[in-house]
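See structure below.
The values are calculated or read from the model by the stated rules, or taken from the named source; none is laboratory data. Everything numeric here is computed off the predicted structure, so don't read it as measured data. Please note: Cβ atoms are built from the backbone with ideal geometry, for glycine as well, and neighbour counts cover all protein chains shown. Ligands, DNA and RNA are excluded from the accessible area calculation, which covers all protein heavy atoms including side chains. Shrake-Rupley method; radii C 1.70, N 1.55, O 1.52, S 1.80 Å.
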Amino acid sequence: MKALIQRVSSASVHIDGNSVGQIEQGILLLLGIEKGDTFQAADKLLQKILAYRVFSDKEGKMNLNLQQTEGGLLIVSQFTLVADTKKGLRPGFSAGASPQLGEELYNYFIEQAKRLHPIVETGRFGADMQVHLINNGPVTFWLES
């Protein structure tokens, strides 16, 4: 399971011109699910994301996490994160989870996030989405379970 997290001033997801999720200050999480990923891997990655210190304290150092700042978490599925790009000019997606497993783990991840954090918004699994964000910093990190 792979995650690209971006510290944002705001972010939103639109499908067919309609907003389906939006947050103000917080984290935009692009989530890629691979074959062999498990509920335990989802739990581990979620805990890491919620505790990851990407927000500035009073001295301007990245010492605060999402829970301490009470920011929003916008979760968007993105299977292209698991692409193999090591050779050739076309990405390979054989490492990606099946649509059934991907959707099951994505929905589980969202359920657990909502249980642990008060502000959680989402995109829609498998949809053609337009993601808008203002990356604050810019601050972007690649995390794996």
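Tell me, in nm to one decimal, what length is gained between residue 128 and residue 70 on full extension, where the rule is 0.36 nm per residue of separation less the Cα-Cα distance?
Details: separation 58, 0.36 × 58 = 20.88 nm, distance 2.90 nm.
Residue separation times 0.36 nm, minus the Cα-Cα distance, leaves 18.0 nm.
Hey, what's the Kirkwood Rh for the chain if you take every pair of different alpha carbons, in angstrom?
Working: mean 1/r = 0.0646 Å⁻¹.
Its Kirkwood hydrodynamic radius stands at 15.5 Å.
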What trypsin sites (Lys or Arg not before Pro) in the range 20-76 are in a loop by DSSP, with at most 15 other Cβ atoms within 10 Å of the Cβ? 35, 53, 58, 61
Quick one: 3J(HN,Hα) in Hz for the range 27-43, Karplus 6.51/-1.76/1.60 with θ = phi - 60°, rounded, Gly and Pro as x. 10, 8, 10, 9, 10, x, 10, 10, 3, x, 5, 10, 4, 5, 5, 4, 4
Whole Å is fine, so just give me how far the alpha carbon centre of the range 119-145 lies from that of the range 44-112. 8 Å
Please turn the phi angles of the range 95-112 into ³J(HN,Hα) values with the Karplus equation 6.51 cos²θ - 1.76 cosθ + 1.60 (θ = phi - 60°), one per residue in order, whole Hz, x for glycine and proline. 7, x, 5, 4, x, 5, 5, x, 5, 4, 6, 4, 5, 4, 4, 5, 4, 5
Normalised by the number of residues in the chain, what is the relative contact order in percent for Cα pairs under 8 Å and 6+ residues apart? 39 percent
Provide the per residue accessible area, probe 1.4 Å, for the range 86-145, rounded to a whole number of square angstrom. 68 Å²
Where in the range 111-128 is the amide nitrogen less than 19 Å from a point lying 7 Å along the Cα-to-Cβ axis of residue 143? 111-123
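Which loop-located GluC sites (Glu not before Pro) does the range 66-118 contain, where loop means any DSSP state but H, G, I, E or B and the Cβ has at most 12 other Cβ atoms within 10 Å?
Details: sites: 70, 103, 104, 111; in loops: 70.
Taking the range 66-118 and a limit of 12 other Cβ atoms within 10 Å, the loop GluC sites (Glu not before Pro) found are 70.
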Rg and Dmax of the range 76-144, Cα atoms only, in Å: 14.3, 43
Across all Cα atoms of the range 9-56, Rg and the largest Cα-Cα distance (Dmax), in Å, are 13.7, 35
Could you pull out every residue, at least 5 positions away or on a different chain, whose amide H is within less than 5 Å of the one on residue 27? Hs are placed 1.01 Å off N in the peptide plane, and Pro or chain starts have none. 8, 72, 73, 74
